[in-house]
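The values are calculated or read from the model by the stated rules, or taken from the named source; none is laboratory data. Since this is a predicted model, take the numbers as computed values, not measurements. Virtual Cβ from ideal backbone geometry, glycine too; neighbours counted across all protein chains shown.
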């Protein structure tokens, strides 16, 4: 049985990847010797010496066969006349910002003597890489159910995301993605221009279509069939829906390592739901909420996203930070039938350790207010590595969360509040300059919590004390790879999730 294979992160114009030490070569003009300082004027030997500062005369770019000079310069925060020093932190960030575009395999920065005293030339040497890349690859197994709610054995899902990330050397990205599963289909088409209309603004748009199914209920589910109206008792209640729409957005650099994006989103949703449904929650029968409007409805929302990225490389980082803050709000005046707000924060930190080992710590927290549609809720599969991740917003698996701690997490599939704290340790196995640049063995473990408003106000009554807190444990093990086609994650936790010994207690 093949482990799940998933693309980790693809190079792209949105990635901001700074922060490794840079040692530029600087040729300086001869300065006249200063007279020796008197004892009273002698500098304190314990104070750090200020690095000499120079005027930037011009910028030279070498090695860019396909990529236009103006596209490279779009990422450079310096202009002729800028005052630079050899240890300027902006130089450190610039190198990894250029690597983060995905256009280049290697980037070297150096300062050389200019045509006049006190002036320097910034030389940027690049090695271009293949920019037709496999942004994502999804292959895995899931446990599902048929349209009547009867459980089915294992089924496979798969898909891919392919993009040209530097179209004709202009930096423009054109890409498409699809995923196919049992009774489900998701597609995406996207466009990104990092220098929209020749300005410093970035623009992107995405078109989407999804034909999806959701699984509802814990046990002894009863529902009224939408066609016959007859009551049925099955393992699950099934809701089928489709989504058609997309979003467009504008972004701008706040600094060499930070960006701000604002996106507008509009979708048409068509849902086919059971007339009514109920299930057993904590031993008591309760109605099921589908979090979708029957028939046709619309979603209109606005999102603001702040990104701060100081990683030294996009795929196998060894140091730095990656921070994402996102806030969504629905827009009722523009036709939204789902009034809600959503806040999310994700922060990751990497540390270099002896023998080139790497440690990472990641924190996620999110909250939703109002009535968000089901696909905007937090899913337990987003936080437990033992369940298949959602792909293009599609949920493939009917199983509840593993329950190692015997808590109320077993009653949940989605929620309005979520948090996870996870650590990871990486050991390098292979390094090369050829098609496969690096392979690392990794292991990760963490704690996560998921809750709905109902769980906070009225916990399931079969649990007491700390067991009412919907908290559980997750772990993973596998390989992280950096290749000519992008970065990949080859993980085994999804397969281990089918082994009873790794499922915890129901």
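Of note:
For every residue, the table says whether it meets (1) outside any helix (DSSP H, G or I); (2) outside the structural domain of residue 362 (by TED's automatic domain parsing); (3) crowded, with 20+ Cβ neighbours inside 10 Å; (4) on the phi > 0 side of the Ramachandran plot.
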site	(1), (2), (3), (4)
399	yes, no, yes, no
434	yes, no, no, no
448	yes, no, yes, no
454	no, no, no, no
467	no, no, no, no
476	yes, no, yes, no
481	yes, no, yes, no
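- Scanning segment 53-110 for residues that are free of Cβ contacts under 8 Å to residues at least 60 places away in the same chain, under 25 Å from residue 203 (Cα atoms) and assigned to a helix (DSSP H, G or I) gives 69, 72, 73, 98.
- Condition check for residue 362: surrounded by fewer than 22 Cβ atoms within 10 Å (Cβ to Cβ), assigned by TED's automatic domain parsing to the domain that holds residue 211 and either under 28 Å from residue 238 (Cβ atoms) or in contact with a strand residue (DSSP E or B) (Cβ under 6 Å, 6 or more places away or on another chain) (or both): yes
- Scope segment 483-497; condition surrounded by 22 or more Cβ atoms within 10 Å (Cβ to Cβ) and assigned to a loop (DSSP other than H, G, I, E, B); matching residues: 497
- Boolean, residue 242 is surrounded by fewer than 18 Cβ atoms within 10 Å (Cβ to Cβ) and within 20 Å of residue 183 (Cα to Cα): yes
- Picking from residues in segment 264-289 that are at pLDDT 95 or above and crowded, with 20+ Cβ neighbours inside 10 Å, the one that is farthest from residue 189 (Cα to Cα) is 271.
- Top-ranked residue in segment 248-258 [being modelled with pLDDT of 95 or more and crowded, with 17+ Cβ neighbours inside 10 Å; ranked as farthest from residue 288 (Cα to Cα)]: 251
- Of all residues in segment 182-230, those satisfying the criterion of being in a loop (DSSP other than H, G, I, E, B), in contact (Cβ under 8 Å) with a residue 24 or more places away in the chain and closer than 24 Å to residue 274 by Cβ are 182, 183, 217, 218, 219, 220, 225, 226, 229.
Okay, residues lined up against (1) touching a residue at least 60 places away in the same chain (Cβ under 8 Å); (2) touching a strand residue (DSSP E or B) at 6+ places or on another chain (Cβ under 6 Å); (3) in a loop (DSSP other than H, G, I, E, B); (4) within 26 Å of residue 391 (Cα to Cα):
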position: 123; (1), (2), (3), (4): yes, yes, no, no
position: 134; (1), (2), (3), (4): yes, yes, no, yes
position: 141; (1), (2), (3), (4): yes, yes, no, yes
position: 144; (1), (2), (3), (4): yes, yes, no, yes
position: 175; (1), (2), (3), (4): no, yes, no, yes
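- Against the criterion of being buried (at least 21 other Cβ atoms within 10 Å of the Cβ), out of contact with any helix residue (DSSP H, G or I) (no Cβ under 8 Å at 6 or more places or on another chain) and either part of a strand (DSSP E or B) or assigned by TED's automatic domain parsing to the domain that holds residue 272 (or both), residue 168 does not qualify.
- Residue in segment 411-423 that is at negative phi, more than 24 Å from the chain's Cα centre (by Cα) and modelled with pLDDT under 90 present: yes
- Applying the condition of being crowded, with 19+ Cβ neighbours inside 10 Å and modelled with pLDDT of 95 or more to segment 328-351 and asking which residue is farthest from residue 271 (Cα to Cα) yields 350.
- The test for being within 20 Å of the chain's Cα centre (by Cα), within 21 Å of residue 399 (Cα to Cα) and in a strand (DSSP E or B) does not hold for residue 233.
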